[in-house]
Amino acid sequence: MTLSCEGNPALYLLFVCFYSIQTHESKRSFLRMDGVNKFRVRWEGGAGTWGRSGRVGRPFGACISSGLNGDGNIAIKQQEEDCTHLKTVRPLLSRKTQLGGTTERSRGGAGVHKPRPPAPDMDNESQYSGYSYKSSHSRSSRKHRDRRDRHRSKSRDSSSRGDKSVTIQAPGEPLLDAESTRGDDRDDNWGETTTVVTGTSEHSVSNEDLTRASKELEDSSPLECRRFAGPVLSGILGLFALLTPLAFLLLPQLLWRDSLEPCGTPCEGLYVSLAFKLLVLLISSWALFLRPPRATLPRFFVFRCLLMALVFLFVASYWLFYGVRVLEPRERDYRGIVGYAVSLVDALLFIQYLALVLLEVRHLRPAFCLKVVRTTDGASRFYNVGHLSIQRAAVWVLDHYYTDFPVYNPALLNLPKSILSKKMSGFKVYSLGEENSTNNSTGQSRAMIAAAARRRDNSHNEYYYEEAEMDRRVRKRKARLVVAVEEAFTHIKRLQDDEAATSPKHPREVMDPREAAQAIFAPMARAMQKYLRTTRQQPYHSMESIIAHLQFCITHNMTPKAFLERYLTPGPTMQYQRENGRGRQWTLVSEEPVTSALRQGLVFSLRRLDFSLVVTVTPLPFLNLGEEFIDPKSHKFVMRLQSETSV
Amino acid sequence: MSFIPGQPVTAVVQRIEIHKLRDGDNLILGFSIGGGIDQDPSQNPFSEDKTDKGIYVTRVSKGGPAEVAGLRMGDKIMQVNGWDMTMVTHDQARKKLTKKGEDVVRLLVTRKSLENAVRQSMMH
């Protein structure tokens, strides 16, 4: 039988197509994911606005070596400008995190206090350096970038804050963020650079530009087609598999009809069963698989690939057998051929059952408890999931994130300025210390921190009173808002159909919902605006959206309380989504390969520009359920015995 | 000492006046009570009628004010300072006896021997 050696071309084909997909994936993986390799240096969101590079390695690797050689030539002066930032970074690496800061604290701190004098200038210059000089981008992409930046004006604060931070994931290595912002003070006194600190020269590509490039890559259309590549492939395979039995039946009829043995009733019975099985296959494939995918995973979805490979192998081997045994010798037993086609359909049905179990059912029974914590404000939830791979669990968590977590409001993160300034004044003393002495700096700074901590001891008092004051203010504004809205709603009432004919003497102007909403918006606008400003929600609600919501509530006969529910509590993120066909970009950060299954103690995180969700996996406890039988007749009671009290 | 439910209770009673003894912060009377409408009357060793839920004296401490005043074990207390004791809970009875403001309690008690004594004296 020649099947064994002729099976190889099929496998070869399989490997070729997998390889091609893999290389395409890997091109993007350096930007996003490095699941297999254990090193996790990664940057996202861009460097500081001063053009700092936090990425160790290319493309600045070459310039490190040249810069540190100490060559002072003009020829490599430009490169040296780039490298000085790395140089300043180097000694900072030795004084590790005495701050012990986490990304978000330094980011939050960076967002609030920027007392460095040269900051505004440096901001502007480095940010627009890519625009003014010859950059590596085409005109169309720049136009695209402009349009995108204009649209993103609302989230400018958070994204620009995020742009200033650089995070290195390798364990044990310090976070570069705090040092990089602090290094700017030193840079002024450094004396080595005479040019303006922008981090870019005309011909190099700064980190800013690379960031923009990555952002563009994410948003541009080739990736949108990427989303559909997998399903299209499986669709084609499925269609091919479905049409194969029909082909098996038709080919003998077309090619050698005359020499076929006549086959009566048994064949017709088989035709009927074949037809029905094909119909069932078609309907269940449509129900289960033909859905637009909701997420692109960074690595292969293992089970899906397995099933596709299985189907391909099945169909290929059936075709092989058919080609060799039926087409070549022109087999005359038609009933056998029909039986063969029916067996293929049976096999496909079984594969579909396998697919159902692997893709849909296996992960339904809960086996693990995931704790999801948002890094910026500590909002956390617990979820029960079944056996999933890490990437599928990530998609699952994100589905629930959008509906369960209150929306991330960066304005609510920071402590009030009065308290923070006191804290920072203590730290300011520390930061002006010498950078030359690196050996005893750790001891010195620890003493400084202890002193600062002791000095900070009564700021908790102010924090407490500030919080109480804030609460009071919010409650007062809320009361005013509620009263204003209630009063506004009494101004209009719904016109019943039968009322339209009556009362011609004072004709009331009949309005549609939009006009009614605009009419009653005026008295409550001020109270609403003040309330939103106090709770820092005003970026989420524009006047237009408030009027639209008011119109919606009026149309559906809602009470003022129902109208206000949207503004009094911060809703889930889903509520604030705008219709965006491009999808949300999340990065999965994990130390294990992301196709591995969940197990106890696994930690991975899902990163966005300015915050991330950290997920911890714990298995659900094994339940030992016992039984105790209580006879219903055993419930008996007596009066209490004579109690004796001495007086 | 028989009573018919719904009919007024008739009994031969003896007046006993007990002066409370001050023991530190407490005023003690020197006896123990049992019974009450929330208790189980069938456990009462002193009552003739085992459905009688009255307050009975179960123990008298030797030499205490109650013994000095003439209270005996098995007496049924009918009244304390004018408060009825035939239809009270155990706790209410205790409270009526141990009021802090009163130094003297005047009880009306009845016992079987009283009735016999009265009958005998009537027969003669």
Quiz item: If we sort A:258-264, A:294-300 on the protection proxy, mean other Cβ atoms within 10 Å, highest first, what's the order?
Solution: A:294-300, A:258-264
Exercise. Would you mind giving the mean number of other chain beta-carbons within 10 Å of the Cβ of each residue in B:89-95, as a whole number?
Key: 2
Self-check item: Dipole magnitude (debye, nearest 20) for chain B, charges at Cβ of Lys, Arg, Asp, Glu
Solution: 200
Quiz item: Given a cut-off of under 8 Å on Cα pairs at least six residues apart, what relative contact order in percent is computed for region A:304-424?
Solution: 17
Quiz item: Which one of B:Ser42, B:Leu71, B:Met87 has its Cα pushed farthest toward the positive end of the charge dipole of region B:31-92, where Lys and Arg give +1 and Asp and Glu give -1 at the Cβ?
Solution: B:Leu71
Practice problem: Lys and Arg at +1, Asp and Glu at -1: add these up for the other residues within a Cβ distance under 11 Å of B:Glu102 and post the number. | Solution: +4
Self-check item: Relative contact order (%) - chain B, alpha-carbon pairs under 8 angstrom, separation at least six
Solution: 31
Self-check item: Gain on full stretching of the segment that runs from A:Ala597 to A:Thr559 - 0.36 nm per residue minus C-alpha separation
Solution: 8.8 nm
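Can you sort B:Lys100, B:Lys62, B:Lys20, A:Lys476 by how many other beta carbons sit within 10 Å, fewest first?
B:Lys62, B:Lys100, A:Lys476, B:Lys20
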Quiz item: So for the pair A:Glu469, B:Arg22, with labels modelled 7 Å out along Cα→Cβ, what separation do we get in nm?
Solution: 6.0
Quiz item: Put +1 on the Cβ of every Lys and Arg and -1 on every Asp and Glu Cβ in region A:506-646; which of A:Gln529, A:Gln551, A:Leu588 then has its Cα farthest towards the positive end of the dipole?
Solution: A:Gln529
Quiz prompt | Neighbour cut-off at most 10 other Cβ (10 Å), DSSP loop, GluC sites (Glu not before Pro), region B:1-71 | solution = B:Glu48
Quiz item: Once a ≥ b ≥ c are taken as the square roots of the eigenvalues of the Cα gyration tensor of region A:546-647, is the result rounded (a/c under 1.5), prolate (a/b larger than b/c) or oblate (a/b not larger than b/c)?
Solution: oblate
Quiz item: Contour minus end-to-end for B:Thr86 and B:Ser42, with contour as 0.36 nm per residue of separation and end-to-end as the Cα-Cα distance?
Solution: 14.2 nm
Exercise. Could you compute the FRET efficiency for A:Arg227 and A:Leu354, with r as their C-beta to C-beta distance and R0 at 30 Å, rounded to 0.05?
Key: 0.70
Self-check item: Distance violations [Cα-Cα > 20 Å] among B:Lys62/B:Lys99; B:Lys50/B:Lys76; B:Lys62/B:Lys112
Solution: B:Lys62/B:Lys99; B:Lys62/B:Lys112
Quiz item: Say each of A:Leu237 and A:Phe382 gets a label point 7 Å from the Cα, pointing the same way as Cα to Cβ; how far apart are those two points in nm?
Solution: 4.0
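Quick note: the coordinates plus some simple rules give every number you see, no bench work behind them. This is a predicted model, so every value here is computed, not measured. Ideal geometry is used to build each Cβ from the backbone, glycine not excepted, and the neighbour counts take in all protein chains shown.
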